[in-house]
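Remarks on the structure that follows.
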């Protein structure tokens with residue numbers, strides 16, 4: 001990664017990278033990969049895949065919590081059948097000692113039951129929201145493939161009253177991300193923002209995972225990469241350039257950036273190696 005503008009900015013950026021969130025897919029072998037590559041100081045978020053169901057998400061979250069990790073399971077609204085199912089899921093999450101949640105609408109076009117949106121599920125949680133230290137909601141620097149821009153903007157206001165922070169979807173243009181953060185603040189939403197970035201991602205692996213999990217995070221990522229994918233199929237993406245370009249906004253107190261949310265696509269060892277090398281560079285004189 002190239003040099004950051006000044007020492008104070010480098011120090012602030014390093015502080016954000018010391019407390020990252022790593023998002024993983026609940027696929028075979030990932031628990032062992034996390035245990036080998038990551039210390040328990042790294043927060044792990046576990047996606048909710050329509051093809052594998054909430055059971056895979058919760059089982060992995062429970063096992064990671066048992067290992068001492070701070071875990072944030074996804075609770076996609078469209079995969080929750082009804083209020084009784086919601087209470088059952090919340091009871092199970094709390095029994096595992098998990099006190100953080102991420103509530104997206106979910107990547108399915110039709111709901112499994114009563115909840116069409118994250119707003120509906122958050123509202124149904126009611127007072128039970130107080131049982132959790134953090135509840136994250138989704139932010140969209142770019143257009144969502146299922147939801148209109150107007151709806152995502154309107155939903156942000158409604159969800160913000162029932163959440164503690166915002167996690168942004170992947171975007172590959174730093175200017176777009178910075179503009180989006182500015183617009184969120186201009187509209188009056190002051191929740192801390194976790195900037196979503198891909199980790200060290202192998203393009204071939206992204207193609208393979210997208211087939212296995214259906215309409216998930218990696219599929220959304222690939223949908224924006226048609227030109228790159230053909231040219232760079234044998235290469236890996238690195239977030240160096242994005243982090244460098246985002247540094248001024250990321251360390252601006254008015255932006256209220258909480259940190260970086262790294263979409264690892266289960267490349268946790270490569271992504272962690274990148275993070276540690278980046279921290280070493282930022283610490284260098």
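No value in this document is a laboratory result; all are computed from the given coordinates. These numbers were taken from a predicted model, which means no experiment stands behind them. Ideal geometry is used to build each Cβ from the backbone, glycine not excepted, and the neighbour counts take in all protein chains shown.
Points to keep in mind about this one:
- Order of 21, 244 under a 10 Å beta carbon neighbour criterion, fewest first: 244, 21
- Relative contact order of segment 5-160, taken over Cα pairs closer than 8 Å and 6 or more residues apart, is 17 percent.
- Between segment 71-89 and segment 94-110, the Cα center-to-center distance that results, in Å: 6
- Length-normalised contact order of segment 1-58 in % [C-alpha pairs under 8 Å, at least 6 apart]: 34
- Inter-label distance, residue 109 to residue 67: 3.7 nm, where each label sits 7 Å from its Cα along the C-beta direction.
- With kT/(6 pi eta Rh) evaluated at 37 °C and eta = 0.692 mPa s, and Rh the Kirkwood radius from Cα pairs, segment 240-281 diffuses with a coefficient of 283 µm²/s according to Stokes-Einstein.
- For the pair residue 15 and residue 204, a Förster radius of 45 Å applied to the C-beta separation gives a FRET efficiency near 0.85, rounded to the nearest 0.05.
- The order of the peptides 13-19, 183-189 by mean Cβ neighbours within 10 Å, most packed first, is 13-19, 183-189.
- Span per principal axis, largest first, for the Cα atoms of segment 76-195 (Å): 42, 30, 23
- Pairwise label distance in nanometres, residue 161 with residue 8, each label 7 Å out on the Cα-Cβ vector: 3.8
- An ellipsoid equivalent to segment 1-137, defined through the eigenvalues of its Cα gyration tensor, has semi-axes of 29, 18, 15 Å when rounded to whole angstrom and sorted largest first.
- Relative frequency of Cα-Cα separations exceeding 17 Å in segment 5-62, percent: 48
- R0 of 51 Å, Cβ-Cβ distance residue 84-residue 283: FRET efficiency to nearest 0.05: 0.50
- Additional length obtainable on full extension of the chain from residue 59 to residue 176, 0.36 nm per residue less Cα span: 38.5 nm
- Of the peptides 28-39, 114-125, 79-90, the ranking by mean beta-carbon count within 10 Å, highest at the top, reads 114-125, 79-90, 28-39.
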